[in-house]
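Values in this text are rule-based calculations from the coordinates and carry no lab data. What you are looking at is a predicted structure, and each value in this text was computed from that prediction instead of being measured. Virtual Cβ from ideal backbone geometry, glycine too; neighbours counted across all protein chains shown.
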Amino acid sequence: MKKSIIVILILAIVFISCKNNESKEEPNTINEDTEITIETREKLEGIQYQMMEAKSWLKETQNKESVLQIAMDVNRTDRKNLAKMDSIIVPNKLDGKREDYLPFPLQVESLRKVDKILFFSYPTQTFAAYKNGTLVYTGPTNMGREKDPTPTGLFFTNWKAEETISTFNDEWELKWNFNIENKLGVGFHQYELPGYPASHSCLRLQEKDARYLYDWAQQWELIDDETIKTKGTPVIVFGEYPFKGKKPWLQLLKNPESLEISEDEIAKLVQPKMQSILKEQKNSKLEAQDK
């Protein structure tokens with residue numbers, strides 16, 4: 001009888017040990033042959049926009065955080081600069097999520113095999129982060145001014161720093177900085193968002209967004225100061241801003257869907273760069289497996 005009890009206890013310990021080991025496995029590791037399901041989601045319908053006097057509208061909101069966030073996103077600004085504006089664009093529905101008011105699609109089928117990728121849209125002054133074709137985060141940005149435009153094309157995140165000093169002015173402190181173009185010193189980081197392209201080629205973000213992307217994107221790995229072992233997260237900056245015209249988001253007053261970016265547009269944008277993106281992604285996975 002005692003022997004039977006001992007055997008049962010041993011088997012129970014082995015079983016629990018196996019279950020514990022299983023729980024420690026990386027839950028988000030996706031094999032190349034794994035079928036990835038993209039959940040189809042829809043944006044909030046019936047959104048219309050109107051121009052409001054900023055101070056009176058802000059007084060009515062009583063600083064409700066979720067409502068202020070939507071107003072900041074729609075006007076491509078931050079809390080400080082929103083309060084400085086004479087007039088702001090305000091949606092009639094304020095109970096949606098941030099992505100309901102911003103132009104990127106909620107899912108992109110052609111990105112199914114891409115683990116992580118970031119997009120920055122110059123004309124709409126917005127960014128979006130996708131994981132295997134699903135939008136996981138989005139927000140406003142203020143990119144390079146006409147005199148110092150942000151370069152467009154495919155980049156990869158490289159080094160990052162919680163706080164660093166601008167190469168343009170040593171009095172400018174950049175928080176949650178993630179560089180994407182090492183030689184030119186271009187990166188995304190927290191800094192003031194006046195509501196239009198105003199930077200010296202970098203991609204400015206609200207602090208909460210800069211912090212999220214700082215943690216979400218991957219750094220490069222170097223063999224030495226001159227040799228890259230693996231690149232970071234792919235970043236595509238695209239489009240042109242109408243510097244001589246009005247702010248593009250003013251079009252929302254007449255047509256709420258005027259700035260929407262379609263799945264097809266993203267697919268066409270990525271298609272010529274896909275081979276390079278997947279090559280670097282595979283290289284990073286192989287390097288991670290060797291560790």
*Entries in 55/247; 247/279; 55/116 that, when Cα-Cα distance is taken, lie over 29 Å*: 247/279; 55/116
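Suppose a student asked you for the relative contact order of the chain, using Cα pairs under 8 Å spaced at least 6 residues apart; what percent would you report? Mind showing how you got there, number by number?
On the way: 514 pairs, mean separation 52.8, N = 291.
Answer for the chain is 18 percent.
Sorting 67, 237 on the 10 Å Cβ count, fewest up front, what's the list? Show your work: numbers first, answer last.
Numbers: 67 18, 237 24.
Taking fewest neighbouring Cβ atoms as first place, the list is 67, 237.
What is the magnitude of the charge dipole of the range 50-290 about its Cα centre, with +1 placed on the Cβ of each Lys and Arg, -1 on the Cβ of each Asp and Glu, and no other charges, expressed in debye to the nearest 20?
On the way: 33 positive and 36 negative charges, 112 e Å.
The dipole of the range 50-290 has a size of about 540 debye.
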*Gaussian network model of the chain, Cα springs within a sub-10 Å range: biggest mean-square fluctuation belongs to which of 100, 225, 86?*
225
*Of the options 74, 214, 197, report the single residue whose Cα projects farthest towards the positive end of the charge dipole of the range 50-290 (beta-carbon charges: Lys, Arg +1; Asp, Glu -1).*
74
*Where in the chain are the DSSP H helices whose alpha-carbon span along the long axis reaches 18 Å or more and whose Kyte-Doolittle mean is at least 0.5?*
2-23
*Indicate the gyration tensor shape class of the range 50-290 (rounded, prolate or oblate), computed on the Cα atoms with a ≥ b ≥ c the square roots of the eigenvalues: a/c under 1.5 is rounded; otherwise a/b larger than b/c is prolate and the rest oblate.*
prolate
*Given the options 193, 102, 184, which has the most mean-square fluctuation in a GNM of the chain, springs set between C-alpha atoms less than 10 angstrom apart?*
184
*asked:* Using Cα springs under 10 Å in a Gaussian network model of the chain, which residue among 115, 95, 209 shows the largest mean-square fluctuation?
replied: 95
